[in-house]
Every structure is written in structure tokens, then in C-alpha cells.
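Values quoted throughout were computed directly from the atomic coordinates according to the rules given, and no laboratory measurement underlies them. Being a predicted model, the structure only gives us computed values, none of them experimental. Reconstructed Cβ throughout: ideal geometry from the backbone, glycine too, with neighbour counts over all protein chains shown.
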Amino acid sequence: MNNRILLKYHSYLGIITGVFLLIIGLSGAVLAFHKEIDAVLFKEYQVYEDAGVLELDKAIKTIQNQFPEWETRIVRFNKGESILFNLRLPDARRYVFVHPRTGHVIANIDANTYFTKWILKLHYSLHAGTVGRIMVFVIGILYFLALITGVILYRKVIVKTLLFRVKLNRSRRRNFYSALHRYVGVWALLLNLLLVVTGVFISFNVAKAGLQTPETPAPVSLNISVETCIQKIKNEYPDFEPTYIRLPKNMQSDLVVNGVFSRDPFYLSEYYNTFKINSQTGDIHSVIKISEASVLNKLNSMMIPLHFGEYGGFGITLLYCIIGLSGPFLSVTGFIIWKKKRKLNKY
């Protein structure tokens with residue numbers, strides 16, 4: 001395939017994905033700082049107890065009494081701090097903050113209207129339901145093809161670009177934008193490939209889930225102590241730190257505790273280490289360690305941490321934000337180059 005045909009495909013792929021990349025890239029850049037944003041927005045609901053208390057069972061009882069029909073997940077339960085519950089129905093999500101000592105509800109928020117949740121939904125579905133989820137998956141594949149065609153097209157100047165030997169000719173706008181497009185594309189290439197590959201995988205699962213009929217929860221009140229269960233886990237596995245708790249969604253379901261082992265690599269998800277506990281007896285009957293899982297499960301576990309940069313410090317977060325902006329930048333500059341070329345071809 002000659003460069004002219006390859007350039008045509010590269011241009012068309014860029015044009016098709018362009019508008020969507022503006023939305024997905026900008027929302028992704030914001031989501032890189034989702035933890036920092038949540039920390040600021042959740043600040044007014046935070047309570048700190050000097051004694052470092054955590055009345056988890058009392059808080060769970062409050063939630064189950066006030067929200068008996070909702071599936072319940074506990075996403076934050078640090079000692080002495082407000083306990084954060086994520087409540088779910090097939091068509092609704094709520095964040096509920098509970099006092100760590102008294103067990104009283106501090107705040108009850110519609111999660112779907114919350115800023116970072118709204119941005120996340122825009123990122124993976126364009127707020128267009130199942131159709132939007134499928135569109136994001138397809139756009140991800142097309143963007144991957146755009147990156148690959150770009151690599152083949154500019155393969156001879158990649159090294160020169162990395163060494164800053166490609167001149168920025170300001171006298172002609174098309175050449176200037178072309179050089180900028182090339183610089184950003186090359187320097188962001190590796191991380192963009194990482195983002196698009198993991199993004200395609202995640203969006204496939206999101207689209208697949210959207211095609212399934214969600215199960216309506218039928219939770220029952222717990223007769224066991226979650227605090228006792230967590231202590232039992234810590235006694236048997238002292239190198240494990242629980243970070244996420246899922247209460248049984250029906251009579252047949254288990255109490256599930258997720259978290260991290262101290263020796264887990266940074267790129268593995270906390271949600272793949274799983275302790276399943278009998279919701280009637282409190283006995284641990286299943287322990288899944290992602291470090292001992294199959295290669296396929298490890299790859300599955302890597303997708304979300306690598307896609308959202310959930311590792312490292314502020315430097316990694318900032319890098320992900322910048323790379324997130326590179327997609328929209330490439331879309332805009334690519335469109336300008338394509339438009340100017342069409343204009344020249346008319347004469």
C-alpha cells in the first residue's frame with residue numbers, strides 16, 4: 001500500500017473519530033484527577049473522629065433499615081472517617097455518607113448527577129445508553145487503526161521527531177500544523193496505544209454489560225458481623241488490606257471483600273483479590289489471589305489501573321491528563337491539515 005492511499009485511510013479514520021475523541025479525550029483528562037476532585041467535593045461530608053473509631057456494623061444496619069431494596073457496596077471505610085456507601089438499583093446510583101461512630105446518615109447524593117460520575121458516564125457511553133457504549137467501543141477500534149496507520153505513514157521520521165530534528169515551519173500553516181501533529185502523535189504514541197488498547201477492552205465489557213438485563217437486587221438483613229469477618233481475614237492474611245465490601249444482593253449471595261496484598265504489583269486491580277464469606281455463618285469459603293491467577297485474569301485485572309493511571313503519584317496523573325488531551329489535539333490539527341489539503345487540491 002503506497003503512502004497516498006495510507007494517508008487517505010489515516011485521514012478518514014481521524015475525521016470519523018475526531019468529534020468523539022474531543023469528548024472522550026477531554027473527559028479522560030478530567031478523570032485522571034478524579035480522586036483529587038472527589039476529595040475536594042466530598043470534603044463537606046467528611047467527619048473525623050480523634051479516637052479512630054469505625055462502627056461498621058452500626059452503619060450497615062442504618063443503611064439496610066433506610067434503603068432495604070438497594071444493593072449495597074462500601075467503597076470507603078477508614079477508621080475515624082465518614083463511611084461511604086455506594087447504593088445501586090438497575091437504573092439508579094446513590095452515594096451515602098455515614099458517621100463512623102454514630103452510624104447516622106450525613107448525606108445522601110444522587111451519584112449519577114455527581115460531577116466525576118457524570119464525566120465517567122460521558123467518557124464510556126456519551127450519555128447515550130447502550131447505543132453510546134457500543135459507539136465508544138467502535139470509536140476505540142477506529143482510533144487504534146488511526147494510530148497504526150499513522151505509525152506506518154510516519155515510520156521514517158519517528159526517530160527524527162523524537163530527536164527534535166523535524167522543523168516547525170511557521171511560514172506555511174499547513175506545514176506548521178503537520179509538524180505539530182507529528183510531534184504530538186509520536187511523543188504520545190506509546191501511552192496513547194496503551195490507553196486505546198485498554199480502553200477498547202474496557203468498552204467491550206461495558207457494551208456487553210449494557211446489552212444484558214440488569215438483575216434487580218433482593219437483599220436481606222445481615223445476621224453476621226462484617227467487622228468480625230474483616231478481622232478474621234486480617235488474622236489469617238496479615239498482608240491483606242481490605243478496600244471494598246459488597247453486601248449480599250440476595251439470599252444466595254456471599255459477602256464479598258476485595259482489597260490488596262502487600263506484595264501485589266502496582267498494575268493489578270484491587271477488585272480481583274476476592275474473599276467470599278458465607279452470609280449466614282460468616283465462614284470464609286473462597287479466597288482468590290490475583291497474583292496466583294491465570295495470565296488471562298491478570299491481564300483483565302491490569303486494564304482499569306493502566307487505563308486510568310491508578311498507580312504512582314501526581315506525576316503519573318499529570319502525564320495521563322496530558323496524554324488524554326493529545327487525542328483532541330491530534331483530531332483538531334489533523335482536521336486542519338486535511339481541510340487545507342483539500343483547499344489546495346481545488347486549485
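Select from Phe204, Asn192, Cys229 the residue farthest towards the positive end of the dipole of the range 162-281; place +1 on Cβ of Lys and Arg, -1 on Cβ of Asp and Glu, and compute about the Cα centre.
After comparing all options, I get Asn192.
Nearest 10 degrees is fine. How inclined is helix 226-236 to the longest principal axis of the chain, computing both from alpha carbons?
Approximately 80 degrees, to the nearest ten.
Taking Cα centroids, how far is the range 157-218 from the range 221-241 in Å?
43
Counting Lys and Arg as +1 and Asp and Glu as -1, what is the net charge of the other residues whose Cβ lies under 13 Å from the Cβ of Lys8? Walk me through the numbers on the way to the answer.
Working: positive: Arg4, Lys341, Arg342; negative: none.
Here the charged neighbours net out to +3.
Given Cα pairs under 8 Å that are at least 6 residues apart, what percent is the relative contact order of the chain? All intermediate terms of the calculation are to be shown ahead of the outcome.
Values: 529 pairs, mean separation 76.1, N = 347.
Dividing the mean separation by the residue count of the chain yields 22 percent.
Express in whole angstrom the spacing between the alpha-carbon centres of the range 269-347 and the range 1-73.
Going from one Cα centre to the other spans 11 Å.
Can you list the aspartates and glutamates whose alpha carbon sits under 20 Å from that of Lys232, skipping same-chain ones fewer than 8 residues off?
Output for Lys232: Glu55, Asp57, Glu241, Asp254, Glu270, Asp283.
Would you work out the charge dipole size for the range 161-260 about its Cα centre, treating the Cβ of every Lys and Arg as +1 and the Cβ of every Asp and Glu as -1, and quote it to the nearest 20 debye? Walk me through the numbers on the way to the answer.
Working: 12 positive and 6 negative charges, 292 e Å.
Computed about the Cα centre, the dipole is about 1400 debye.
For a 26 Å ceiling on Cα separation, which of these pairs sit above it: Lys43/Lys121; Lys61/Lys208; Lys58/Lys298; Lys61/Lys276; Lys43/Lys298?
Working: Lys43/Lys121 23 Å; Lys61/Lys208 34 Å; Lys58/Lys298 36 Å; Lys61/Lys276 20 Å; Lys43/Lys298 35 Å.
Exceeds cut-off: Lys61/Lys208; Lys58/Lys298; Lys43/Lys298.
As a footprinting exposure proxy, order His123, His34, His104 by other Cβ within 10 Å, with the fewest listed first. Walk me through the intermediate numbers first.
Values: His123 22, His34 18, His104 12.
Ascending number of Cβ neighbours within 10 Å: His104, His34, His123.
Among Leu31, Val287, Ala59, which residue has its Cα furthest toward the positive end of the charge dipole of the chain, with +1 on Lys/Arg Cβ and -1 on Asp/Glu Cβ?
Leu31
Run down the aspartates and glutamates and flag those whose C-alpha is under 12 Å from the C-alpha of Lys249, throwing out any fewer than 8 positions away in its chain.
Glu69, Glu71, Glu215
How much net charge surrounds Leu126 when only other residues with a Cβ under 15 Å from its Cβ are counted (Lys, Arg +1; Asp, Glu -1)? Could the numbers behind the result be given before it?
On the way: positive: Lys117, Lys121, Arg133; negative: none.
Once all neighbours under 15 Å are counted, the net charge is +3.
Taking the 0 to 90 degree range and rounding to the nearest ten, how far is the long axis of helix 173-187 tilted relative to the main principal axis of the chain, both from C-alpha atoms?
Taking the Cα atoms of the chain, the angle to 173-187 is about 40 degrees.
Could you size up the charge dipole of the chain around its Cα centre, putting +1 on the beta carbon of Lys and Arg and -1 on that of Asp and Glu, and report it in debye to the nearest 20? Don't skip to the end; give the middle numbers.
Working: 41 positive and 23 negative charges, 688 e Å.
Dipole magnitude for the chain comes out near 3300 debye.
Need one number: nm distance between label points at Val138 and Lys35, each 7 Å from Cα along Cα→Cβ, rounded to one decimal.
For Val138 paired with Lys35, the spin-label model returns 3.6 nm.
Taking the Cα centre of the range 277-342 as origin, work out the dipole magnitude from +1 charges on Lys and Arg Cβ and -1 charges on Asp and Glu Cβ, in debye rounded to 20.
Values: 6 positive and 3 negative charges, 167 e Å.
Computed charge dipole of the range 277-342: roughly 800 debye.
Among Ile288, Ile74, Ile5, what is the fewest-to-most ranking by other Cβ atoms within 10 Å? Write out the running numbers ahead of the final one.
Values: Ile288 13, Ile74 23, Ile5 9.
Final ranking by Cβ density, sparse to dense: Ile5, Ile288, Ile74.
Going highest first, how would you order 319-327, 57-65 by mean Cβ packing within 10 Å?
Working: 319-327: 20.3, 57-65: 18.3.
With the highest mean Cβ count within 10 Å placed first, the list reads 319-327, 57-65.
Between (i) 169; (ii) 131; (iii) 146, which entry matches volume of the Cα convex hull per residue in Å³ as derived from the coordinates of this structure?
The listed entry that was calculated here is (i).
Would you mind calculating the gained length between Ala128 and Ile109 on full extension (0.36 nm times residue separation, minus the Cα-Cα distance), in nm to one decimal?
4.6 nm
Once the Cα atoms of helix 3-31 and of the chain are each reduced to a long axis, what angle between those two axes, in degrees from 0 to 90 to the nearest 10, is obtained?
30
Could you work out how much longer the chain between Gln252 and Ala293 gets when fully extended? Use 0.36 nm per residue separation minus the Cα distance between them, nm to one decimal. Walk me through the numbers before you get to the answer.
On the way: separation 41, 0.36 × 41 = 14.76 nm, distance 2.51 nm.
In short, 12.2 nm is gained.
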